Each structure stands twice: as C-alpha cells, then as structure tokens.
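> The structure is given below, and queries will be raised subsequently.
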Amino acid sequence: MIEVPKAESLRDLFSLKGKVVVVTGASGPKGMGIEAARGCAEMGADVVVTYSSRAEGGENNAKELSDKYGVKSKAYKCNIADYDNVSKLVNDVIKEFGKIDVFIANAGATASSGILDGSVEDWNKVIQVDLNGTFHCAKVVGAHFKERGTGSFVITASMSGHIANFPQEQTSYNVAKAGCIHLARSLANEWRDFARVNSISPGYIDTGLSDFVDEKTQKLWKSMIPMGRDGMAKELKGAYVYLASDASTYTTGADLVIDGGYTCR
C-alpha cells in the first residue's frame with residue numbers, strides 16, 4: 001500500500017532531496033525532457049537524462065544540472081524502442097545511483113503523415129517508439145519499483161491522445177499517445193500496491209521541433225487555442241515535479257492535460 005507521507009509542509013512534500021529521477025529524451029536545450037529534469041534537480045533530486053543520438057546535448061544537459069543545482073547528474077545513451085537497451089539503462093543507473101525513485105518516460109517520435117500517405121514502416125516506427133518504447137520503460141523499471149515497494153512512473157502523453165489534430169495528419173502519433181494514456185491508467189491499477197503511474201498530456205509546446213511548419217498552419221493552430229499561444233516547456237515542469245514528489249501520493253491513474261485550453265473547445 002502507498003502510505004500517507006510523513007511531511008506536513010508543502011515545501012517538504014514537493015522536495016525531491018534524496019531521490020533519483022530518470023528522464024528519457026532529455027538531450028534538447030529547451031524541450032519538455034530537459035525542463036522536467038531541471039524542475040526535479042531544482043527540487044533536490046539526482047537526475048539521469050538520456051539521449052538517443054544527440055550525445056553532446058545529453059552530456060551538456062547533465063553538466064548543466066550538476067553545475068547549476070549541485071546534484072549528481074549523468075547522461076546515458078538509450079534507444080527506448082529496443083527493450084534490451086532500456087534494460088541496460090535501468091541496470092546501469094541502479095549500479096551508479098543505487099536506486100530509481102521516479103522514471104519519466106518522455107522520449108518519443110513524431111509522425112509526418114496520415115496512414116494512406118505514409119508507409120507501413122512509418123506507422124511501425126511511431127508505434128514502436130511512442131507506445132512500445134514506453135511499455136519497455138514501464139516493464140523494466142516497474143520490476144525495480146515492485147522490489148523496493150515504491151516508485152512513481154510518469155508518461156509524457158499528448159493532447160493528441162484525446163483529439164485528432166488539424167490540419168496535419170498524424171494518426172499513428174495520436175493512436176500511440178492515446179495508448180500511453182490508457183497504459184498509465186491500467187498500470188496505476190496493476191501497480192496499486194507499490195507505485196503510482198500518471199501521464200501528462202501537453203498541447204502545442206514551443207520546443208523548436210515545429211519550427212519547420214509553415215506560418216499559416218501555425219497561425220491556424222494558435223486560433224484553435226483559447227489562450228492564443230503555444231506553451232513553453234518550462235510551463236510543464238511544475239506538473240512533472242508534482243507527480244514525482246510526495247505532494248501527489250494520492251494521485252495515480254491521472255492524466256494532466258496542459259494545453260492552453262485546446263481540448264475544452
């Protein structure tokens with residue numbers, strides 16, 4: 001059973017001192033992964049960041065976390081689409097850091113077409129990374145959580161798991177993220193005796209990955225957001241810290257939609 005925390009003050013409930021947090025997909029300079037990592041480090045956690053291909057970005061981010069926040073941080077290469085890769089990551093982190101308290105499954109891939117214009121390989125790649133990759137992370141770290149009797153697993157899903165985006169076609173991504181949301185709910189029930197599982201569903205976030213999209217389409221996106229703008233990744237880090245910390249010990253199976261109001265229309 002997940003017990004009531006002993007801390008009383010909000011400051012202590014949000015503190016992550018003494019905890020080890022893993023954040024996958026955190027090699028970019030301003031993405032959701034590194035902002036989640038920054039938030040956790042700011043609250044005192046030792047933080048592991050992973051990268052798939054951008055080694056320099058991952059190493060630089062780990063150094064920034066260590067230098068700025070005075071915590072232990074290290075970057076590891078990991079392709080979450082490969083189960084053995086994820087297993088090695090978790091084993092290596094436990095060997096180096098002693099444990100994992102929080103795992104933020106953030107790494108993912110985007111879609112560039114609908115199913116008719118895209119290939120079978122395109123579909124399989126997105127599903128393999130976004131859905132199966134998240135499953136790989138859950139299966140490996142979940143065994144560690146069960147052994148220790150504690151843990152928090154946080155999935156970066158998307159508002160696209162709730163709606164079908166327009167005008168771009170990205171069915172495989174939408175399906176994968178819908179699967180991630182229900183994976184979180186299902187695991188929250190499966191792991192009820194020892195760990196919490198939640199997801200975060202961001203809307204359009206300015207991470208630089210959509211800079212290639214034409215201005216007309218971006219204006220259309222903004223016209224569909226009640227707040228009239230994209231979000232910044234730093235506007236999500238409070239949610240990640242909340243779900244990682246003892247402030248959320250009675251929160252499991254939840255999906256936090258942070259989309260500037262997009263899905264309320």
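The values are calculated or read from the model by the stated rules, or taken from the named source; none is laboratory data. Everything quoted here is computed from the prediction, not taken from an experiment. Neighbour counts are summed over all protein chains in view; Cβ atoms, including those assigned to glycine, are modelled from backbone coordinates with ideal geometry. Note: areas computed on protein heavy atoms with side chains; ligands, DNA, RNA excluded. Shrake-Rupley method; radii C 1.70, N 1.55, O 1.52, S 1.80 Å.
> Return the pairs, sorted by first residue and then second, in which the second residue is of a type in the set (Asp, Glu) and open to solvent by 10 Å² or more (accessible area, probe 1.4 Å), the first residue lies in segment 66-94 and is under 21 Å from CYS40 (Cβ atoms), the beta carbons are less than 6 Å apart, and the residues are 6+ apart or on different chains.
TYR69/GLU42; VAL71/ASP46; LYS72/ASP46; ALA75/GLU59
> Within segment 118-129, is even one residue part of a loop (DSSP other than H, G, I, E, B) and on the phi > 0 side of the Ramachandran plot? Step through it out loud before you land on a result.
Filtering segment 118-129 for residues part of a loop (DSSP other than H, G, I, E, B) gives 118-119.
This time we only want the ones that are on the phi > 0 side of the Ramachandran plot, so: none.
So far as segment 118-129 goes, no, none of its residues is part of a loop (DSSP other than H, G, I, E, B) and on the phi > 0 side of the Ramachandran plot.
> Among the residues of segment 66-77, count how many are out of contact with any Leu (no Cβ under 7 Å at 6 or more places or on another chain) and under 13 Å from THR50 (Cβ atoms).
So the count comes out to 3.
> How many residues are among the small types (Gly, Ala, Ser), in a loop (DSSP other than H, G, I, E, B) and either open to solvent by less than 40 Å² (accessible area, probe 1.4 Å) or touching a residue at least 24 places away in the same chain (Cβ under 8 Å) (or both) if we restrict to segment 149-187?
So the answer is 4.
> Mind telling me which of the residues GLY238, GLY261, GLY231, GLY208 ends up being crowded, with 20+ Cβ neighbours inside 10 Å and either closer than 30 Å to PHE14 by Cα or at pLDDT 95 or above (or both)?
Testing whether each residue is crowded, with 20+ Cβ neighbours inside 10 Å and either closer than 30 Å to PHE14 by Cα or at pLDDT 95 or above (or both) leaves just GLY231.
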